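As C-alpha cells, the structure follows; a few thoughts come after it.
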Amino acid sequence: MQLAAKPLKIPARFAAVLFAFIMSATLGGVMSAIITAVNTGFSDGYLTRWLHAYALAFSLAFPSVTFIAPVVRRFLDRHTI
C-alpha cells in the first residue's frame, strides 16, 4: 500500500521572499540567456557567458524585486477598484 505524499506547505510569512526569489530567478535566467545569445550568439562558451550574466542579473534582481514589489502592490491597492 502506497501512501500519498503530502504537498509541501510553506508558511505564509515566507510568501513575499519566495515570490521575489522565484520571479528574479526566472526572469533573470530568461533575460540573461536571451541577451547573451543576442550579443554573443550560441558559439563556444555560451553556457559560461550566460552563467556569469545570470549571476549578475540575479544578484541585482532579487533585492530589487524584494523592495519594489511591496511598493507596486500598495500602489495598485490604492489605484484599482
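Answer yes or no: is there a residue in the stretch 15-33 that is touching a Phe, Trp or Tyr at 6+ places or on another chain (Cβ under 7 Å), among the hydroxyl-bearing types (Ser, Thr, Tyr) and surrounded by 12 or more Cβ atoms within 10 Å (Cβ to Cβ). Step through it out loud before you land on a result.
Initially, the stretch 15-33 is screened for residues touching a Phe, Trp or Tyr at 6+ places or on another chain (Cβ under 7 Å), giving 20-21, 24-25, 28-29, 32-33.
Cutting the leftovers down to among the hydroxyl-bearing types (Ser, Thr, Tyr) gives us 24, 32.
With the extra rule that they be surrounded by 12 or more Cβ atoms within 10 Å (Cβ to Cβ), the set shrinks to 24, 32.
Within the stretch 15-33 (the criterion being touching a Phe, Trp or Tyr at 6+ places or on another chain (Cβ under 7 Å), among the hydroxyl-bearing types (Ser, Thr, Tyr) and surrounded by 12 or more Cβ atoms within 10 Å (Cβ to Cβ)), the answer is yes, since at least one residue qualifies.
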> Among the candidates PHE67, PHE75, PHE58, which residue alone is of a type in the set (Phe, Trp, Tyr), in a helix (DSSP H, G or I) and surrounded by 11 or more Cβ atoms within 10 Å (Cβ to Cβ)?
Replying inline: PHE58
> Would it be correct to say that ALA5 is modelled with pLDDT under 95, under 18 Å from the mean Cα position of the chain (by Cα) and small (Gly, Ala, Ser)?
Replying inline: no
>> If a residue must be part of a helix (DSSP H, G or I) and surrounded by fewer than 16 Cβ atoms within 10 Å (Cβ to Cβ), how many such residues does the stretch 34-53 contain?
In response: 11
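The values are calculated or read from the model by the stated rules, or taken from the named source; none is laboratory data. As the structure is a prediction and not an experimental result, all values here were calculated from the model. Cβ coordinates were reconstructed from backbone atoms using ideal geometry, including for glycine residues, and neighbour counts include every protein chain displayed.
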